[in-house]
Amino acid sequence: MESFVNRETELQIIDKAFDALIDKKSLLRTPIVDFYGVEGIGKTAILKKIEQKCNDLNIPNIWANASLDIPQLSREITQQLQTKYRVELQNDEEDWSHRPLSATRALLERGPVVMLLDSVDTTDVEQVRWLETMLRDLIEDNTLFVVLTSKRMLAFERERSVARKLTFVPVKPFDRSNSELYLNSISDRIDPELRKVIFEWTRGYPLAIDVMVQAILNERLDPRRPQDRQHLLNIIMGQVIDRGILANVEPVELGWYQSALTLLSVPRRFNLVIMQDMIENFAPELRLESSLAYMGLPKRINAATDVLSWNMPRAGFSVDAPIRHIFLLKQRIQQPETYATINRFLAEINKRFAKEVPGSDRVRYLREYLYHSASAGDDQALPSIVERTVREIIAGPPESFLQFFEEFSRDEELKEVLGSSVNIALSLIHRHLAETSRQSAKESSGADHLRALQDIFYHLMNDPENIGLPSILIHYLEEVIQNELPETSFKLFEELSRDERFKKALGQDFDRFSLIIHNNLSTER
């Protein structure tokens, strides 16, 4: 069973729901929750945690495998209700599709009930509609908590009353610290350096971690040894990809899907034009007869694998991140030169599109241009590419710069692949924002003026190219004291002294900072 780590968000939702179930006066605000994500990400572990909580609190629970067809699913739910909780059906001749509804209603008359439905197939329209209808007739009872798991976000489109009560929660891979906790639960025989490599290979994907660790322990393989690297990669590809997401693919088509996903995993996002250009340049065996034919390609891939989705933030198709990283790993190990070539190709495409489109799309293309330029591996050219691109964005419309700043701040993958060049981007961004705040401070008064002064300190603090940060901050503080009213300086100091980031940046110099402002304010008064 997967160790239950990195699941704080899920636990909060679960705990709040159980508190409402137990307290009869409380309203169950999340009566239906869908935990969704790729296979092997840890969704079933969440259901097991909920089942355990039900048993600890003596709350009746029903667990059913929702990947079954409707008759089998209906029988499984009904049989559990009858055998575990001695629920008797009033009408034994009732249609099989209605029996779970009648039996669950009978159990709800005794008190709270939790229904756990694992592996809902969102592509099975008939099953989704059956579930939707059943939940419509049950969910008005405030003592029923329904938890579903699915690969994709579940959409209940026919019953608005059900859709309004459905909460979506993505189940994500482990971050680095929680990967450590997960590895601790598996084995204590993995040294720190190897743990780092495991995270770099798996990116916190639980299923991939399990496969990789078992191969390391059972077959004594080590990814740091060149002679073991390919064998270990084959094991991961075989168990996670071939017998995992490609399990339903016919053997004769396996190579086609492997080639398609290997290629389409290189970009973080792609539209139909980029997809066609990539295939025709790097995978001619996948070439289709016309541009129109490529429109059906994402649907064909998803019908068999369900790992391709439309990524709203990036406005393009993308392979699910845990699966994408495995295919990227494969390319970097097996075909590093081809991998670099494809990234250079994608960098040029995104650069060209950025010149052709305005607004938010232009900013997205420039971010992808930076990502693929960094992934191409030309470390000497990268610093100038980063500086030139960020300066170009700064020189553009203010709203485009703010969009870039917000998206870049959240884009951990881009910052990681930029390596040390990320400091060039961050420095340019924060210097520009500091200057913008200076201008705002000159043109504002009152609370807005004070906020602008704080922002100057914040951006000076976050400029990684600022050498001797304490001296710079203290110099600016002295400048503020000279130019501002004493009460403004005092309020500014009060705000900064409560800012833990500011204290951390100054470290031991914070006492010196405090003394300067205290002496100056005392003199003014």
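The values are calculated or read from the model by the stated rules, or taken from the named source; none is laboratory data. These figures come from a predicted structure and were not determined experimentally. Cβ: placed from backbone, ideal geometry, glycine included. Neighbour counts: every protein chain shown. For accessibility, only protein heavy atoms count, side chains too; no ligands or nucleic acids. Shrake-Rupley method; radii C 1.70, N 1.55, O 1.52, S 1.80 Å.
Quick one: grab the alpha carbon gyration tensor of region 43-165, order the square roots of its eigenvalues as a ≥ b ≥ c, and give me rounded if a/c is under 1.5, else prolate or oblate depending on whether a/b is larger than b/c.
It is rounded, given that a/c, with a ≥ b ≥ c, falls under 1.5.
Starting from one equal scatterer on each C-alpha and no solvent at all, send me the Debye-based log10 I(q)/I(0) for the chain at q = 0.06, 0.07, 0.13 Å⁻¹, two decimals.
Normalising to I(0) and taking log10 leaves -0.41, -0.55, -1.28.
Asp69: accessible area at probe 1.4 Å, nearest 10 Å²?
Accessible area of Asp69: about 80 Å².
At most 12 other Cβ atoms within 10 Å and a DSSP loop assignment: could you name the GluC sites (Glu not before Pro) in region 244-340 that fit?
Glu289
About the Cα centre of region 220-284, what is the dipole size in debye to 20, counting +1 per Lys and Arg Cβ and -1 per Asp and Glu Cβ, all else neutral?
Using Cβ point charges on Lys, Arg, Asp and Glu, region 220-284 gives about 440 debye.
Can you work out the accessible area per residue across region 69-212, with the rest of the protein chains kept in place, probe 1.4 Å, in square angstrom?
About 50 Å² of surface per residue is accessible.
Note down the relative contact order for the chain as a percent, whole number, built from C-alpha pairs under 8 angstrom at least six residues apart.
Contact order relative to length: 10 percent.
Could you point to the residue in Ser375, Leu485, Leu89 farthest towards the positive end of the chain's charge dipole, with +1 and -1 charges on the Cβ of Lys/Arg and Asp/Glu respectively?
So the residue furthest toward the plus end is Ser375.
If the reach is capped at under 18 angstrom between alpha carbons, list the lysines near Lys442, excluding any in the same chain fewer than eight residues apart.
Cα-Cα hits under 18 Å: Lys491.
For region 252-343, give the percent of accessible area contributed by carbon and sulfur heavy atoms, probe 1.4 Å, rounded to a whole number.
With neighbouring chains kept in place, the figure for region 252-343 is 56 percent.
Between region 34-82 and region 475-495, what is the separation of their alpha carbon centroids in Å?
Here the answer is 60 Å between Cα centres.
So what is the accessible area of region 382-428 per residue, in Å², with the probe set to 1.4 Å?
Accessible area per residue, region 382-428: 48 Å².
Kindly work out what percent of the DSSP beta bridges joining two residues of the chain are antiparallel, to the nearest 5.
Counting only bridges with both partners in the chain, antiparallel ones make up about 20 percent.
Which value, in Å², gives the accessible area per residue of region 243-311 when a 1.4 Å probe is used on the protein heavy atoms?
Result: 47 Å² of accessible area for each residue.
Dipole magnitude of the chain about its Cα centre, charges +1 at Lys/Arg Cβ and -1 at Asp/Glu Cβ only, in debye to the nearest 20?
It comes to approximately 120 debye.
What length, rounded to one decimal in nm, is gained on full extension from Ile467 through to Glu348, with 0.36 nm per residue of separation minus their alpha-carbon distance?
Contour length minus Cα-Cα distance gives 39.4 nm.
Whole Å is fine, so just give me how far the alpha carbon centre of region 93-165 lies from that of region 369-417.
Spelled out, the Cα-based centre of one part sits 46 Å from the other.
Which whole-Hz ³J(HN,Hα) couplings does region 407-420 yield from phi under the Karplus relation 6.51 cos²θ - 1.76 cosθ + 1.60, θ = phi - 60°, glycine and proline marked x?
After applying 6.51 cos²θ - 1.76 cosθ + 1.60, I find 6, 5, 4, 8, 8, 5, 5, 5, 4, 5, 6, 5, x, 5 Hz.
Can you pull the accessible area of His475 for me, 1.4 Å probe, Å² to the nearest 10?
About 120 Å², rounded to the nearest 10.
What part of the accessible area of region 401-492, given as a whole %, is carbon or sulfur when the probe is 1.4 angstrom?
Of all accessible area on region 401-492, carbon and sulfur atoms account for 50 percent.
Accessible area of region 130-185 with a 1.4 Å probe: how many percent of it is carbon plus sulfur?
Heavy-atom surface of region 130-185 belonging to carbon and sulfur, 1.4 Å probe: 49 percent.
For Ser471, tell me the accessible area in Å² from a 1.4 Å probe, rounded to the nearest 10.
70
List the residues, sorted by chain then number, that are 5 or more residues from Trp63 or on another chain and whose placed amide H is less than 5 Å from its amide H.
When sequence neighbours closer than 5 places are left aside, the close amide H contacts are Leu116.
So which lysines pass the test for Lys16, namely a Cα distance under 19 Å, with those fewer than 8 places away in the same chain ruled out?
Lys24, Lys25, Lys43, Lys48, Lys49, Lys53, Lys165
Could you tell me which of rounded, prolate or oblate describes region 369-525, using a ≥ b ≥ c as the square roots of the eigenvalues of the alpha-carbon gyration tensor, with rounded for a/c under 1.5 and, failing that, prolate when a/b is larger than b/c and oblate otherwise?
prolate
Shape of region 290-397 from its Cα gyration tensor (a ≥ b ≥ c, root eigenvalues): rounded if a/c is under 1.5, otherwise prolate when a/b > b/c, or oblate?
oblate
Kindly provide the helix-only [θ] at 222 nm of the chain, computed as the sum of -39,500 (n - 2.57) over DSSP H runs of four or more divided by all residues, to the nearest 500 deg cm²/dmol?
Value at 222 nm, helices only, nearest 500: -19500 deg cm²/dmol.
Mind listing the long-range amide H neighbours of Thr122? Cut-off is under 5 Å, sequence gap 5 or more, other chains count too, H placed in the peptide plane at 1.01 Å from N.
Residues meeting the criterion, in which the H sits 1.01 Å from N, are Lys151, Arg152.
Summing +1 for each Lys or Arg and -1 for each Asp or Glu, what net charge is found among the other residues whose Cβ lies under 12 Å from the Cβ of Leu107?
Every neighbour counted, the sum reads +1.
Taking the alpha-carbon distance from Lys351 and a cut-off under 27 Å, which lysines remain once sequence neighbours fewer than 8 residues away in the same chain are dropped?
Those lysines meeting the cut-off are Lys330, Lys415.
Hey, what did region 233-336 get for relative contact order, percent, Cα under 8 Å, at least 6 apart?
Taking the mean separation of contacting Cα pairs over the length of region 233-336, I get 34 percent.
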